[in-house]
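Read the structure below first, then the notes.
Derivation of every value follows stated rules applied to the coordinates shown; laboratory data play no part. The shown structure was predicted, so the numbers you read here are calculated from the model rather than taken from an experiment. Cβ placement follows ideal geometry from the backbone for every residue including glycine, while neighbour counts extend to all protein chains displayed.
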Amino acid sequence: MGATDTATDAEQVLDGILAAGVTHVATLPDINLVDLIALVDRDDRLVHVPLSREEEGIGIAAGVYLGGGMPAIVMQNAGLLNTCNALTTTAIQFEVPMLLLVWYAGHLGDNAFMRLGEVTEPVLTALGIRSFVPSDAADARRIIPEAARLSRQSMRPIAVLLTKAVLRRFAS
Amino acid sequence: MKRYECLDAAAAIVTDQLVVTNNGGASTEWAEVGLPEAHLQVKTLGLCSSIGLGLALALPRRGVIVFDGDGSLLMNLSTLPTIARQRPANLVHVVFDNAVYEASGGTPTQTADGEAGADLAALARAAGIRNVHAVDSVDGFVSAFRSGLDGGGPTFIHARVEAVRKKTKPVPIDEVENKYRLVRYVERTEGISILARPLPASVAGR
């Protein structure tokens, strides 16, 4: 996979974020997310909020929505586990829409973090959060705006899980 | 100094600012003296300053006030560098430090023990927050609070208070009603639409 293909994957995900009407993106990096986060940081149409721990991102996202914006949080699935209380007692208890764009470590094509991969979808299901796994970057471009619409219509967070098939930078 | 004395003084100063309270005594005490429509009562320990930051970023011309507690801030210390990096001029973050987990039984927090206790104002300064005040009198609080509302923030006010809670009436709304009440107030006062959702095709007549 060449550098151009890599940029295209992240760019397609960014296009999906913009088409979703997202205004603010809170991020905490996984190495597979760095191209996407760099694009978010450079894009004048988005407010980028770098985080130090993912749980604060759920609070920031809730505030952004209550103030009239549309929030997304870009994080790894380890970080998603850090957010479980905030998702439950802020996002879901107050019924606040937000997009969770989660790097799916431990999924097909990965060589590590298998325990994280095993629990990711069961945890989301237990929290009552619907999730989608795009098949490639073009599919992510199509799904992300639809996920944002579902989130706004259902007043719930919606997760889109990004695998190595979507962001191919480190494909072996 | 008692927390509710500061909140009573703040209520006389606050105009159209949005107010976010932590899930402790500040929440029910502010509910008695503040404007209900502008008040979000957070239920996740530690998250009120993050929610306030999100509001301040989404509405950069609107004042946003956070009434936090020591136990709550200690659970989400990463909020301080995150706020500092965003530099929201319209955010005033007040931490009422009573050195105990008051709402859950009075166990000491990490700010207790005098010299050995954590200094929250020093933490805020070290995190890069622009305007940091440490106050231990109502007059000192009012002065710092007024200067924060004038802008130029983010402002952080560390207010040492006694571990005393005012007896308050229960607030008879749930979180979802709290959300709608705040959002409708923001929509009305900002002239924006937040909750507009497309109607189902069967209703819209498509």
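Descending by average beta-carbon neighbour count within 10 Å, the peptides A:160-167, B:124-131 line up as A:160-167, B:124-131, the highest first. Other protein chain C-beta atoms within 10 Å of residue C-beta, averaged over A:48-57: 6. Only Cα pairs under 8 Å and 6+ residues apart enter the sum, and on that basis the relative contact order of region B:20-122 stands at 26 percent.
If the chain linking B:V142 and B:T189 were pulled fully straight, counting 0.36 nm for each residue of separation and taking away their Cα-Cα distance, it would gain 14.4 nm.
Count the lysine pairs in the protein assembly as shown whose Cα atoms lie under 26 Å apart, taking only pairs 8 or more positions apart in sequence or on different chains. Eligible lysine pairs with Cα atoms under 26 Å apart amount to 11. Every helix of 4 or more DSSP H residues in chain A counts as -39500 (n - 2.57), and over all residues that averages to -14000 deg cm²/dmol at 222 nm.
Residues A:T125, B:T168, ranked from the fewest to the most other C-beta atoms within 10 Å, line up as A:T125, B:T168. Here the relative contact order of chain A, from alpha carbon pairs under 8 Å that lie six or more residues apart, stands at 27 percent.
Ignore the peptide's own chain and count Cβ atoms of other chains within 10 Å of each Cβ in B:55-63; give me the average, rounded. Mean shielding by partner chains, rounded to a whole number: 5. Amide H contacts of A:V49: A:V25, A:A26, A:T27, each under 5 Å away and 5 or more positions distant or on a separate chain (H built 1.01 Å from N in the peptide plane; Pro and chain starts excluded). Packing, as the average of other Cβ atoms within 10 Å across residues, places the peptides B:134-142, B:158-166 in the order B:158-166, B:134-142, highest first.
Counting only other chain Cβ atoms within 10 Å of each residue's Cβ, the peptide B:68-75 averages 0. Mean-square fluctuations from a GNM of chain B, with a 10 angstrom spring cutoff on Cα atoms, peak among B:I192, B:I65, B:I51 at B:I192. When only Cα pairs below 8 angstrom with a gap of at least 6 residues are kept, region B:123-206 shows a relative contact order of 23 percent. Of the residues A:G21, A:G57, A:G68, the one that moves most in a GNM of chain A with alpha-carbon contacts below 10 Å is A:G68. Given springs between every Cα pair under 10 Å in a Gaussian network model of chain B, which of B:G106, B:G69, B:G25 has the largest fluctuation? With Cα springs under 10 Å in chain B, the top fluctuation among B:G106, B:G69, B:G25 is at B:G106.
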